[in-house]
Amino acid sequence: MADKYDLDEELEEKPFDLKLFLRMMGYFKTYGKEISTVAFLLILNLVVGLLDPILIKIAIDDGIMKKNALVVTRIGIALLVLYGISFVANYYRIRLINRTTQGLIYDIRKQLFEHIQTLSFRFFDGRPVGKIMSRVTNDVQAISNLMGSGIATMITDVLMLLGILGVMFYLNFKLTFMAISVIPLLLILLTQLKPRSEKAWTETRKTMANINANVNETLQGIKVIQAFSRQKHNIEKFEKINMENYKSNVKAIIIELFMWPSVELIGMLGTCVVVWFGARQVISGEYSIGTIIAFTNYVWRFWAPLSAISRVYSQILSAMASADRIFHILDTSPEIKDAPDAIELDDIEGRIEFRNVTFGYNPDERMVLHNISFTAEPGQIIALVGPTGAGKTSIINLLMRFYDPVEGSILVDGHDIRDIKISSLRRQVGMVLQDSFIFSGTIRENILFGKLDATEEEIIEVSKATKVLDYVERFPQGFDTEVEERGARLSAGQRQLLAFARALIAQPRILILDEATSNVDTETEKHIQEAIKTLFSGRTSIVIAHRLSTIEHADKILVIDEGKIVEEGTHTELLEKKGVYYNLYLKQFRDDDDTDAESIIV
Ligand code: DCP
Ligand code: MG
């Protein structure tokens, strides 16, 4: 069980990278109309935000000070109209940004999901599912949030800041300098506290990820946990992780509590300086009271975008890291793909040939298969036997073209499988595995997975042949019974039979059975073998079995050991040879039966 959910390699932030940024922005292409509307609404808001202190200045200087009620009324109405416009503009802007953000999430997620489905086995081999999932969920969310609201805030705030600064300089040069004199102080504070606060938040995210991973694993393994009575141990482990999360959150919030009020305090300091000097300027008659009030108003507004920008900036950096990870997946091209001139295979005969195939999952590491050569004639049954880890499933993986060999070639009906369209190759092959994956949904849906347009008669026929019908009939809802996630409502053997039905309904020319009946009783197994013989006469099968009794009738048995074919022949030939197979067989026979095996064989 993994004790540590190491997330250290997941970078939280990445330095600003223009190329990456532009590529992210590329997703906006289809949202031109929304973007230009948002830009227009932003400018509207900006104008309103910049105008209202000026209007107040006029109301004070020309209205109140000159005792002109009409001016006050007019300005009042103008302000009302402006605020009304600002409200409507804000409403539509947020609505549009929201729609665009959600649209982006939808688009990127769709693209990622589609792309991940095309990737080859090797991509998934070394990656925990959780990490790939977090690309599709969290990382997509992070970059979409940035692109939607983050960028918009950034642009408005920068414009707002420039606008305010402009107006401030226009209104009162000296006071503007006084107001911005506190900015260095602010920068010092932010550069000191910001990294600490970010580190603290990173810590909270890490501890949260630990909680997620732990809860996830606990739920997945709950049966094992209860069977081993490890609840107490597990609770203690969780308590530790939960406490870490508690502590890191408290710490992060304390820093946060200190940081933003301090920023505000500095802002207030600036404002105080301005008010003090401004008041003196009013008293000396240098400036009107309206100007100073308007000015203080601007100073107040000056701080908000400043802190917003620093917030968005770190949002940008963390979105950079997310974008980098997403693009890394999108840029991974499927290792196994159709050759440009790949051919479509129609009905094949089913001749399979392995020619000097050498293969390793990681080409730099040790090879798993060495110089494998064999042929299966159409209609033959070829059995692969050998100890655990010998390389039997690997041979199947190559035939399905989940991986390509390092050396040598594999031919189907005389065509190198690298010259055949992958979809057309896989359409010809049906596969039943030891650990069959059954999808949530009904039994019918799972059978139809093998052939979407199968008729009811076909479903019943394969269900009879595979004995699925036997148990389906016992369910009140029959074929429409929900099997739940991974087929949880079925027994292991029932799942295997269902996988059999799913493979058979497509009537593939080549059938691969990798320990396909290991979970069903011997009687059912025999029945299925008979069924395959009739349903599949004339088709090629490759059968892997640990239970040697199931492959006695094979046309050819290949004994695999440490990635090599060590013996080859029919059951009788191999027994006569008195080699590896003979010993394997003898041993199983003894385990199964107490009678004198040797005397029976000979
Ligand atoms: N292997 C690997 N990477 C994978 C799958 C397997 O490195 N993604 C290694 C593990 C074994 C070797 O390859 O050392 C052969 O594995 P197989 O699955 O081909 O072994 P078998 O199918 O013969 O074993 P079993 O009878 O247990 O199914
Ligand atoms: Mg295997």
### Message
Show me the helices (runs of 4 or more DSSP H) entirely contained within segment 111-186 in which 1 or more residues are crowded, with 21+ Cβ neighbours inside 10 Å.
### Response
140-145, 151-171, 173-180
### Query
Do you know which residues across segment 432-444 are open to solvent by 50 Å² or more (accessible area, probe 1.4 Å) and either on the phi > 0 side of the Ramachandran plot or at pLDDT below 95 (or both)?
Leu433, Gln434, Asp435, Phe437, Phe439, Ser440
### Which listed residue is open to solvent by less than 70 Å² (accessible area, probe 1.4 Å), in a helix (DSSP H, G or I), touching a helix residue (DSSP H, G or I) at 6+ places or on another chain (Cβ under 6 Å) and not polar (S, T, N, Q), from Leu330, Leu317
Leu330
### Query
Inside segment 529-559, can you point out the residues that are under 39 Å from the mean Cα position of the chain (by Cα) and polar (S, T, N, Q)?
Thr540, Ser541
### Query
Which of the residues belonging to segment 479-505 are aliphatic (A, V, I, L, M) and open to solvent by 40 Å² or more (accessible area, probe 1.4 Å)?
Ala488, Ala492
### Message
Looking only at segment 503-537, filter to residues that are aliphatic (A, V, I, L, M) and part of a strand (DSSP E or B); which one of those is nearest to Leu425 (Cα to Cα)?
### Response
Ile510
### segment 276-307, subset among the aliphatic types (A, V, I, L, M) and surrounded by fewer than 17 Cβ atoms within 10 Å (Cβ to Cβ), residue farthest from Ile164 (Cα to Cα)
Ile283
### Message
Just the residues that are closer than 19 Å to Leu185 by Cβ and open to solvent by less than 20 Å² (accessible area, probe 1.4 Å), please, taken from segment 243-261.
### Response
Met259
#### Entry: Hey, Val282 touching a residue at least 40 places away in the same chain (Cβ under 8 Å), in a helix (DSSP H, G or I), more than 30 Å from Ile211 (Cβ to Cβ) and among the aliphatic types (A, V, I, L, M) or not
no
### Query
Which of (1) without any contact (Cβ under 8 Å) to a residue 60 or more places away in the chain; (2) aliphatic (A, V, I, L, M); (3) open to solvent by less than 70 Å² (accessible area, probe 1.4 Å) is the odd one out, the single condition Leu452 does not satisfy?
(3)
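Matching residues to (1) assigned by TED's automatic domain parsing to the domain that holds Asn362; (2) within 16 Å of ligand 2 (Cβ to nearest atom):
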{"site": "Ala376", "(1), (2)": "yes, no"}
{"site": "Ile381", "(1), (2)": "yes, no"}
{"site": "Lys392", "(1), (2)": "yes, yes"}
{"site": "Asp435", "(1), (2)": "no, yes"}
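Let's see how each residue does on (1) outside any loop (DSSP other than H, G, I, E, B); (2) closer than 25 Å to Ala499 by Cα; (3) more than 33 Å from the chain's Cα centre (by Cα):
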position: Glu349; (1), (2), (3): no, yes, yes
position: Phe374; (1), (2), (3): yes, no, yes
position: Gly379; (1), (2), (3): no, yes, yes
position: Asn397; (1), (2), (3): yes, yes, no
position: Gln434; (1), (2), (3): no, yes, no
position: Arg444; (1), (2), (3): yes, yes, no
position: Ile447; (1), (2), (3): yes, yes, no
### Task
Collect the residues in segment 369-401 that are within 16 Å of ligand 1 (Cβ to nearest atom) and open to solvent by 30 Å² or more (accessible area, probe 1.4 Å), keeping them in residue-number order.
His370, Asn371, Pro387, Thr388, Gly389, Thr393
### Query
Looking only at segment 455-474, which residues are surrounded by fewer than 16 Cβ atoms within 10 Å (Cβ to Cβ) and assigned to a loop (DSSP other than H, G, I, E, B)?
Thr455, Glu473, Arg474
## Note on the structure
Over segment 548-585, the set of residues within 16 Å of ligand 1 (Cβ to nearest atom), part of a strand (DSSP E or B) and not charged (D, E, K, R) is Ile557, Leu558, Val559, Ile560, Ile565, Val566
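The values are calculated or read from the model by the stated rules, or taken from the named source; none is laboratory data. This one's a predicted model, so the numbers in the text were calculated from it and none came from an experiment. Methodologically, a virtual Cβ is constructed for each residue, glycine included, from the backbone with ideal geometry; neighbour enumeration extends over all protein chains shown. These area figures cover heavy atoms from the full protein model, side chains too; ligands, DNA and RNA do not enter into them. Shrake-Rupley method; radii C 1.70, N 1.55, O 1.52, S 1.80 Å.
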